[in-house]
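Here is the structure we will look at.
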Amino acid sequence: MAALTRMRFSIRHLFLIVPIAGLGWAVTRPFRDNSFLWHVRAGTEQIDAGRVLTADPFTIEFAGEAWRTQSWLADIGYGFLERSSGGVDWLPYYMFAMAALAVSLVLATIYRRTAHLAVTAVAGLVLVWQASPFTAARPVVISYVLLAALAAALLSDRVDYLIPGLIWLWAALHGSFIVGIGLIVLEAFRRRSRRHVELALISVILATLTAHGLGIWQVLGAFLGNREALEIIQEWKPPNYSNPFMLPYGLLILGTVVAAVRGRIEQRSLVVILPFLFFGMLAVRNLYPAMIVVLPYVAEGLTPDREEARRADPLPIVAGFAAVILVAGLVGLARPIRLAESAFPAPEALEALEPGRIFHGIAPGGYLIYAQWPERPILVDDRAELFGIEGFRRYLDVADGKGWEELFSELDISQALLDPDWPLVESLAGAGWVEEYRDDFFVVASSP
């Protein structure tokens, strides 16, 4: 207790935990991430098989085609959690833990650069504002933690020997480890450091020593080689700058310009900052990773020259305010999982489906893998590296009412789970198909 009373706690310290507590509300918004659910089923399949997946097990047309899950270790972890808990009720706690850890690491990096509580707190608010849409359940959320840890490790020569091991772990968890290797290379240029070149080379070698071996590079090649297919998926499209969640990134760019004009950013640091700012503008998905890397530089560049006034507030007052903030965060985190009706078919819609093959869109594919595979193999989901642009276009054309007769005949499809706005709904109705179920987001139709 004596040690606590000697520490200079103040109300100002609490501003550091306000944004983290806010994540407790962000992670319990209606869940709409279909993609996460196929990762869970890929995990249980790997557990049962005793090996990583090297071919697609889920689809009608692509079953047996060469395909590797780039996040094999994360998928296995999800599979164990689902099996041990009997479901996915652990999701909000997992999402909160990953999001809070990533934010905490970035804030620690910012404070180490600035030694300024107020600047760190403001940066934390901007960071969480940007992070909120990215509090995902998929393995990509782990990559945010690893990127923040890498950025922190690059600050210290005492722990940078851990970096190759960090990349090795990252390569087993998510394909975005290549972004981490890119950051190491940029840091080598920034410092003109031979050591960091060596760290990058060792990291490349260790990434190859994961379960897929050299196949990890084939995974990346297949993924990056399908840019057209990726652009069909919302998160891989260029950012919409009229969207309010783009404002934090706009503030980041503005802060970079102001700090650079004031001469508060070293020119050599632009070697890291500018590529990552450009990276963030390429796709919605890149915004948050870019902010993780760039924000500490910008916060340092905007830190006032004068020393921050420090005063201690009475410990009971600080503790009281801290308790209020933590309780508010826990209230948000305690809310039950709610599936977004627009993303997940209602139970009544699934009950209207008979056994057998169905036509469905890209979005529900992950949920159908989780809920109905292997009894019902699926038609399509969002794995761009597997389907490619031609695969996606085929199903999108059918949703537009083009060529559905040939596809349905070829695959022996007698039911469809459709979006009410698709032209295919009218085409099927005109052909005598019977509507078995309808709500605002899904229609189930059966052949006559």
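Overview of values
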{"read-out": "Residue in region 25-33 that is surrounded by fewer than 20 Cβ atoms within 10 Å (Cβ to Cβ), hydrophobic (A, V, I, L, M, F, W, C), more than 19 Å from the chain's Cα centre (by Cα) and assigned to a helix (DSSP H, G or I) present", "value": "no"}
{"read-out": "Positions within region 257-275 being closer than 15 Å to Gly182 by Cα and touching a residue at least 40 places away in the same chain (Cβ under 8 Å), in sequence order", "value": "Ser269, Val271, Val272, Pro275"}
{"read-out": "Test: Glu231 is without any contact (Cβ under 8 Å) to a residue 60 or more places away in the chain, surrounded by fewer than 17 Cβ atoms within 10 Å (Cβ to Cβ) and touching a Lys or Arg at 6+ places or on another chain (Cβ under 8 Å)", "value": "yes"}
{"read-out": "Qualifying positions in region 211-228 - free of Cβ contacts under 8 Å to residues at least 12 places away in the same chain and touching a Ser or Thr at 6+ places or on another chain (Cβ under 7 Å)", "value": "Leu214"}
{"read-out": "Members of region 132-167 that are among the aromatic types (Phe, Trp, Tyr) and more than 17 Å from Val294 (Cβ to Cβ)", "value": "Tyr161"}
{"read-out": "Unique match (being among the polar types (S, T, N, Q) and modelled with pLDDT of 95 or more) among Thr5, Thr44, Thr54, Thr28", "value": "Thr44"}
{"read-out": "Check on Gly50, closer than 19 Å to Gly365 by Cα, surrounded by fewer than 18 Cβ atoms within 10 Å (Cβ to Cβ) and without any contact (Cβ under 8 Å) to a residue 12 or more places away in the chain", "value": "no"}
{"read-out": "Residues (surrounded by fewer than 18 Cβ atoms within 10 Å (Cβ to Cβ), of a type in the set (Gly, Ala, Ser) and touching a residue at least 24 places away in the same chain (Cβ under 8 Å)) located in region 389-426", "value": "Gly401, Ser414"}
{"read-out": "Positions within region 167-188 being touching a residue at least 40 places away in the same chain (Cβ under 8 Å) and among the β-branched types (Val, Ile, Thr), in sequence order", "value": "Ile167, Ile178, Val179"}
{"read-out": "Sole exception among (1) within 33 Å of the chain's Cα centre (by Cα); (2) modelled with pLDDT of 95 or more for Trp433, by number", "value": "(1)"}
{"read-out": "Helices (runs of 4 or more DSSP H) lying entirely in region 332-448 (those with 3 or more residues that are touching a Leu at 6+ places or on another chain (Cβ under 6 Å), closer than 25 Å to Val40 by Cα and not acidic (Asp, Glu))", "value": "365-372"}
{"read-out": "Total residues in region 184-203, condition closer than 12 Å to Leu166 by Cα and either surrounded by fewer than 19 Cβ atoms within 10 Å (Cβ to Cβ) or in contact with a strand residue (DSSP E or B) (Cβ under 9 Å, 6 or more places away or on another chain) (or both)", "value": "1"}
{"read-out": "Residue in region 74-85 that is out of contact with any strand residue (DSSP E or B) (no Cβ under 6 Å at 6 or more places or on another chain), farther than 30 Å from Glu266 by Cα and not in a helix (DSSP H, G or I) present", "value": "no"}
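The values are calculated or read from the model by the stated rules, or taken from the named source; none is laboratory data. Please read these numbers as outputs of a predicted model, since none were measured by experiment. Note that we place each Cβ from the backbone using ideal geometry, even for glycine, and neighbour counts take in every protein chain shown.
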